[in-house]
Amino acid sequence: MHALSSLDLAAAAWFLIAWFGFNFVIDSSPLRKKTLSSAMDAYRRNWMVAMCTREVRIMDTGIMAGLQQGTAFFASTAFLAIGGGFALLDATETIVQVAGDLSIPVADSRALWEIKVLGLMLIFAYAFFKFGWAYRLFNYASIVMGAVPEKGRASMEDIRQIAEKAGDLNVLAGRHFNRGQRAFFFAIGFLGWFAGPIVFATTTLAVLLVLLRRQFFSKARAAVISGQYPASPLVPKSGEYTETGSSNPFT
């Protein structure tokens, strides 16, 4: 820790506040209901309900398979990035030597360089666990989807209960996937630390502003929330979900 200056510590603190503060705003604060992610959660539930009305569900299984493949891709990428971090640690001496000849203020201290690389590896490790769990949850959701009876083969109450479970698992998987992606985005901001604490703080702010714009002011959000959610006899126009429980979207 003696290799870190006061500016380094301040920039690292700002990075953590920005990252976890953003997660709080998007997932737990009252503003979460106005986000793009929240709107997509409602569409995930509507998707599960629409699936109940289809006799042939090939399209639904295809969508779920695509979600799983995308999650697996990001998990593999995070794992490869961790391996790249070990390669950087192994080449520390060479990199520090090269850094001393550059005009860019790259860390020329071995201890400081290793701290930064280890920090980057921890971010990718966090992302890997999030993507890995999201993949497992999408797998669970697909199994529950397969357990949803066709209309007319079970009581409507049974169909509603199983569809609710599938919707909750789908939403939860999407939230863990989103957290993994946020870790990737903030890892880009973390790269600024290799050019100094001032650049680190600036790149963190830039990433934070981009993510806030996407959640609250992007064209994607405007397209998703324009008009009303698809009408369904089993689900309301909006729902609410928390990891500790879920409201019943079918009442």
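Looking at region 144-176 only, could you name the residues that are part of a helix (DSSP H, G or I), more than 22 Å from the chain's Cα centre (by Cα) and among the aliphatic types (A, V, I, L, M)?
Scanning region 144-176 gives V144, M145, A147, M156, I159, I162, A163.
Name every residue in region 36-76 that is more than 18 Å from A173 (Cα to Cα) and free of Cβ contacts under 8 Å to residues at least 12 places away in the same chain, in order of residue number.
Once the filter is applied, which keeps residues that are more than 18 Å from A173 (Cα to Cα) and free of Cβ contacts under 8 Å to residues at least 12 places away in the same chain, region 36-76 yields R54, V56, I58, M59.
Find the residue count for region 188-215, including only residues that are of a type in the set (A, V, I, L, M) and farther than 18 Å from L112 by Cβ.
Matching residues across region 188-215 total 9.
Can you report the number of residues in region 43-80 which are small (G, A, S) and loosely packed, with under 13 Cβ neighbours inside 10 Å?
Residues in region 43-80 being small (G, A, S) and loosely packed, with under 13 Cβ neighbours inside 10 Å: 4 in total.
Could you check how many residues of region 184-196 are in contact (Cβ under 8 Å) with a residue 40 or more places away in the chain, under 21 Å from L9 (Cβ atoms) and in a helix (DSSP H, G or I)? Don't jump to the end; show me each part of the working.
So in region 184-196, the residues in contact (Cβ under 8 Å) with a residue 40 or more places away in the chain come out as 184, 186-187, 189-191, 193-196.
Next, from what is left, pick out any that are under 21 Å from L9 (Cβ atoms): 186-187, 189-191, 193-196.
Within this subset, residues satisfying the condition of being in a helix (DSSP H, G or I) are 186-187, 189-191, 193-195.
Of the residues in region 184-196, 8 are in contact (Cβ under 8 Å) with a residue 40 or more places away in the chain, under 21 Å from L9 (Cβ atoms) and in a helix (DSSP H, G or I).
Kindly indicate which of S226, S155, S142, S218 is surrounded by fewer than 16 Cβ atoms within 10 Å (Cβ to Cβ), under 26 Å from R57 (Cα atoms) and either at pLDDT below 95 or of a type in the set (K, R) (or both).
Numbers: S226 fails: under 26 Å from R57 (Cα atoms); S142 fails: surrounded by fewer than 16 Cβ atoms within 10 Å (Cβ to Cβ); S218 fails: under 26 Å from R57 (Cα atoms).
It is S155.
From the residues in region 12-42 that are exposed (fewer than 12 other Cβ atoms within 10 Å of the Cβ) and small (G, A, S), which one is farthest from A183 (Cα to Cα)?
Among those residues, the one meeting the criterion is S28.
Applying the selection to region 128-182, what residues are without any contact (Cβ under 8 Å) to a residue 40 or more places away in the chain and charged (D, E, K, R)?
Once the filter is applied, which keeps residues that are without any contact (Cβ under 8 Å) to a residue 40 or more places away in the chain and charged (D, E, K, R), region 128-182 yields R136, R153, E157, D158, K165.
Please go through region 33-59 and give me each residue that is assigned to a loop (DSSP other than H, G, I, E, B) and out of contact with any Gly (no Cβ under 9 Å at 6 or more places or on another chain), ordered by number.
T35, T53, R54, E55, V56 - these are the residues of region 33-59 that are assigned to a loop (DSSP other than H, G, I, E, B) and out of contact with any Gly (no Cβ under 9 Å at 6 or more places or on another chain).
Do we find a residue being assigned to a helix (DSSP H, G or I), touching a helix residue (DSSP H, G or I) at 6+ places or on another chain (Cβ under 6 Å) and closer than 20 Å to L122 by Cα anywhere in region 60-71?
yes
Which condition number does A13 fail, the rest of (1) free of Cβ contacts under 8 Å to residues at least 40 places away in the same chain; (2) touching a strand residue (DSSP E or B) at 6+ places or on another chain (Cβ under 9 Å) being met?
(2)
Identify the single condition in (1) modelled with pLDDT under 90; (2) farther than 21 Å from G167 by Cα; (3) not acidic (D, E) that C52 does not satisfy, given that it satisfies every other one.
(2)
The values are calculated or read from the model by the stated rules, or taken from the named source; none is laboratory data. The shown structure was predicted, so the numbers you read here are calculated from the model rather than taken from an experiment. Ideal geometry is used to build each Cβ from the backbone, glycine not excepted, and the neighbour counts take in all protein chains shown.
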